[in-house]
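First the structure, in the form of structure tokens, and then the observations on it.
The values are calculated or read from the model by the stated rules, or taken from the named source; none is laboratory data. Every value quoted in this text rests on a predicted model; they were computed, and no experiment measured them. Positions of Cβ are backbone-derived with ideal geometry, glycine not excepted, and every protein chain shown enters the neighbour counts.
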Amino acid sequence: MANENPANTTAEQPIALNPKLTTITDVSDLNVKNIMVEIVWEKIDSVLSHVEGCCNCTKCRNDILAIVLNNIPSKYVATKQGELFSRINLSDIQNDINLSAIITSAVMYVKDHPRHEG
Ligand SMILES: [Zn+2]
């Protein structure tokens, strides 16, 4: 079809999983996470404190988080609880991407397009 909406096609067609992956039945064995989620989440507060007029409710902060995460490379780590940040140099990540600038852009966008009620 010429007029395919990606959102619709993914809803209609289940993702074809590698059959080998279906042998993983215990998801509690999965200990992989994108550490950028927590790094960005913590940084949002400090950026918000410098921007006047942006709401900092949970919904707006989650909107900001989602926008930022969609615009930066993810950084997945295999982790055990408690040793998450020990092997990661946060300043390297900061140097790779200008996180503050990207978060600020997202904050400005959400400030102009808030989706919260009332
Ligand atoms: Zn809000």
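Within segment 49-79, how many residues turn out to be under 14 Å from the mean Cα position of the chain (by Cα), among the polar types (S, T, N, Q) and either more than 13 Å from the ligand (Cβ to nearest atom) or on the phi > 0 side of the Ramachandran plot (or both)?
Total meeting the criteria: 3.
Collect the residues in segment 103-118 that are within 9 Å of the ligand (Cβ to nearest atom) and β-branched (Val, Ile, Thr), keeping them in residue-number order.
Once the filter is applied, which keeps residues that are within 9 Å of the ligand (Cβ to nearest atom) and β-branched (Val, Ile, Thr), segment 103-118 yields only Val110.
Report, ordered by the first and then the second residue, all pairs with beta carbons closer than 6 Å, sequence separation of six or more or different chains, a first member in segment 39-62 that is farther than 12 Å from Lys111 by Cβ and at pLDDT 90 or above, and a second member that is among the charged types (D, E, K, R) and within 12 Å of the ligand (Cβ to nearest atom).
These pairs meet every condition: Ile44/Arg61.
All but one of (1) of a type outside the set (Asp, Glu); (2) outside any helix (DSSP H, G or I); (3) surrounded by fewer than 17 Cβ atoms within 10 Å (Cβ to Cβ) hold for Ala66, so report the exception by its number.
(2)
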